[in-house]
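Have a look at the structure below, then the notes.
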Amino acid sequence: MRFAFSTLGVPGLPVPDVLALANDHGYHGVELRAHPEEPVHPGLGPAARADVAAEFKAAGVEVLGVAGYARVAAPGEDAPVLDETRRLLQLAHDLGASYVRVFPGADPDLPAAESDAIAARRLGTVAEDASALGVRVLLETHDSHRTGAAAIRILGPVGHRMVGSLWDVMHTWLGGEQPAESYAALAPHLGYVQVKDIASADDTTPLALGAGILPLSECVEVLSRHGWDGWLCWEYEKRWYEAAAPLPGLLAAGREHLARLLNDSA
């Protein structure tokens, strides 16, 4: 498995500084938070996109994915969601990224089957765009569909190789799923895995990996047992928790912790 971290943990940090952190601490890739307040977002022009791609290539670091905020199960017209997702796909393609992250975002007042159908229809529609661009759309286990069991209600009907899942281990745990259950549900669709740690279900302030209660060792063990060799991406939610410790000072120990978990699971 290879290691990456998300720029959600270093809000607003310029790309050269992000790349320095990756190289200094042994991370092979970076997940780019695609929001207008960040250096990289869908509003970038062609020249700026080319510059970012060249910087990553020169540094020997991979753009793992573009973490967007499209909510594919949200109520309303399809067109705005499809347009947003297509812009994310084009950005990922231009940067050389393999994945685009989208959220479910269903309305809890709507019947689950209706929201599932909305999301499946939209993801099925953009699947051909994704295929043409060589970028895979990943539905994150999050908000209205935080477990693997919930996510596959959408992904199963889509049934397209360019639409998959992003396993956020915190959300599946908060949803009451064991790692083996999450993996069993998501494995046919799995793109990559977001790891993190927190103090409790009531306190989701990000912690150093291994300092909290999330079942990271069990997650890595089940992945290793099934021969999965994809990406583990540390999503440290510094942007939403300003009082959390700065991520740069935690990156080295975080990588060591993940390497230790991998070694123990071998």
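Could you please let me know if GLY26 is at positive phi and touching a helix residue (DSSP H, G or I) at 6+ places or on another chain (Cβ under 9 Å)? Spelling it out, GLY26 is indeed at positive phi and touching a helix residue (DSSP H, G or I) at 6+ places or on another chain (Cβ under 9 Å). Please work out if ALA34 is in contact with a strand residue (DSSP E or B) (Cβ under 8 Å, 6 or more places away or on another chain), closer than 30 Å to GLU256 by Cα, of a type in the set (Gly, Ala, Ser) and at pLDDT 95 or above. Yes: the conditions hold for ALA34.
What residue, among those in the stretch 173-216 that are among the β-branched types (Val, Ile, Thr) and open to solvent by 40 Å² or more (accessible area, probe 1.4 Å), is farthest from GLU31 (Cα to Cα)? Out of the qualifying residues, it is ILE213. Taking the numbered list (1) assigned to a loop (DSSP other than H, G, I, E, B); (2) buried (at least 16 other Cβ atoms within 10 Å of the Cβ); (3) acidic (Asp, Glu) in turn, GLU221 passes all entries but (1). Taking the criterion of being touching a residue at least 12 places away in the same chain (Cβ under 8 Å), more than 29 Å from HIS145 (Cβ to Cβ) and assigned to a loop (DSSP other than H, G, I, E, B), would at least one residue in the stretch 75-83 satisfy it? So far as the stretch 75-83 goes, no, none of its residues is touching a residue at least 12 places away in the same chain (Cβ under 8 Å), more than 29 Å from HIS145 (Cβ to Cβ) and assigned to a loop (DSSP other than H, G, I, E, B).
For the stretch 134-146, the criterion of being surrounded by 22 or more Cβ atoms within 10 Å (Cβ to Cβ) and among the small types (Gly, Ala, Ser) is met by none of the residues. Only one of ASP107, ASP129 is farther than 23 Å from PHE5 by Cβ, open to solvent by 10 Å² or more (accessible area, probe 1.4 Å) and part of a helix (DSSP H, G or I); which? Of the residues listed, the single one that is farther than 23 Å from PHE5 by Cβ, open to solvent by 10 Å² or more (accessible area, probe 1.4 Å) and part of a helix (DSSP H, G or I) is ASP129. The set of residues in the stretch 162-213 that are in a helix (DSSP H, G or I) and within 14 Å of ARG146 (Cα to Cα) comprises VAL169, MET170, HIS171, THR172, TRP173, LEU174, PRO179, GLU181, SER182, TYR183, ALA185, LEU186. Restricting attention to the stretch 13-35 and to residues that are under 18 Å from the mean Cα position of the chain (by Cα) and assigned to a loop (DSSP other than H, G, I, E, B), the residue that is nearest to LEU91 (Cα to Cα) turns out to be ALA34.
Counting the residues of the stretch 225-245 that are in contact (Cβ under 8 Å) with a residue 12 or more places away in the chain and assigned to a loop (DSSP other than H, G, I, E, B) gives 11.
Can we say GLY254 is on the phi < 0 side of the Ramachandran plot and buried (at least 22 other Cβ atoms within 10 Å of the Cβ)? Criteria met by GLY254.
The values are calculated or read from the model by the stated rules, or taken from the named source; none is laboratory data. Every value quoted in this text rests on a predicted model; they were computed, and no experiment measured them. Note: ideal-geometry Cβ built from the backbone for every residue, glycine included; neighbour counts use all protein chains shown. For accessibility, only protein heavy atoms count, side chains too; no ligands or nucleic acids. Shrake-Rupley method; radii C 1.70, N 1.55, O 1.52, S 1.80 Å.
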